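Inspection log for the structure reproduced underneath, given as structure tokens.
The values are calculated or read from the model by the stated rules, or taken from the named source; none is laboratory data. None of the values given here were measured: they were computed from a predicted structure. For neighbour counting, all protein chains shown are included, and Cβ atoms are generated from backbone atoms with ideal geometry for every residue, glycine included. Protein only, heavy atoms only, side chains kept; ligands, DNA and RNA dropped before computing areas. Shrake-Rupley method; radii C 1.70, N 1.55, O 1.52, S 1.80 Å.
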Amino acid sequence: SQEDDKKGKLFTSDFGYKLNYLLGRASLKRSEVYLTNIVKCAGTPKKKHMDACEDYLLYEILKNKPKVIVTLGAEATNRVTDSKQRLKQVRGFPEKKVFKWEGKTKKYRHECWVIPTHGIAAALHNWVLDDLIVRDLKVAKKYAEGYPVYQLPQTKVSVVAKHDLPGA
């Protein structure tokens, strides 16, 4: 949002309060999670913005090497998992994903769990989603601690960028 840009922080105002509340219910602190967006500029994400920011998002994933990524909302889920399914069909189902970056001199690879859930904006308008999001955050925490709650058939998905990884 524009307020996020002004403060230089993600999920401020009502979004931040709601996110903090949901994280707290899942026994997580905001300082324990890494927050990012699929777009790096304010406003509603459009395909051209997501395409322009895709390499940077991949860079963040490869740099931070998360054990688990929780995608908040349909846009983030579709972008990170390459899924064309509706969120209600994939929400809460962990999927193992491989992220790859093929530079001119090096190849980078990172594998982690992706757990899709509802977005904060949707939860602000529909409090019934709170329990579903908290459940997904608790599952993510278990996966991050190395205790998968359940195993599903794994789909390997690769995202490949043909550039050098900045700062590597």
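A few comments on the model shown:
- So Ala26, is it open to solvent by 70 Å² or more (accessible area, probe 1.4 Å), modelled with pLDDT of 75 or more and small (Gly, Ala, Ser): no
- Residues located in the range 111-138, provided they are over 15 Å from Pro66 (Cα atoms), open to solvent by less than 60 Å² (accessible area, probe 1.4 Å) and among the aliphatic types (A, V, I, L, M): Ile120, Ala121, Ala122, Ala123, Leu129, Ile133, Val134
- Some residue of the range 105-120 being within 24 Å of Leu23 (Cβ to Cβ) and charged (D, E, K, R): no
- Test: residue in the range 44-61 that is open to solvent by 70 Å² or more (accessible area, probe 1.4 Å) and on the phi > 0 side of the Ramachandran plot: no
- Filtered residues of the range 43-80 (kept if farther than 15 Å from Cys112 by Cα and of a type in the set (Ser, Thr, Tyr)): Thr44, Tyr56
- Scan of the range 70-116 for residues that are free of Cβ contacts under 8 Å to residues at least 12 places away in the same chain and part of a helix (DSSP H, G or I), ordered by number: Asn78, Lys88, Gln89
- Within the range 81-94, the residues that satisfy the criterion of being over 13 Å from Gly119 (Cβ atoms), buried (at least 19 other Cβ atoms within 10 Å of the Cβ) and either within 13 Å of the chain's Cα centre (by Cα) or acidic (Asp, Glu) (or both) are Thr81, Pro94.
- Condition met for Lys65 (of a type outside the set (Gly, Ala, Ser), open to solvent by 40 Å² or more (accessible area, probe 1.4 Å) and in contact with a His (Cβ under 6 Å, 6 or more places away or on another chain)): yes
- Residue match in the range 68-77 (condition: surrounded by fewer than 19 Cβ atoms within 10 Å (Cβ to Cβ), within 14 Å of Tyr34 (Cα to Cα) and within 11 Å of the chain's Cα centre (by Cα)): yes
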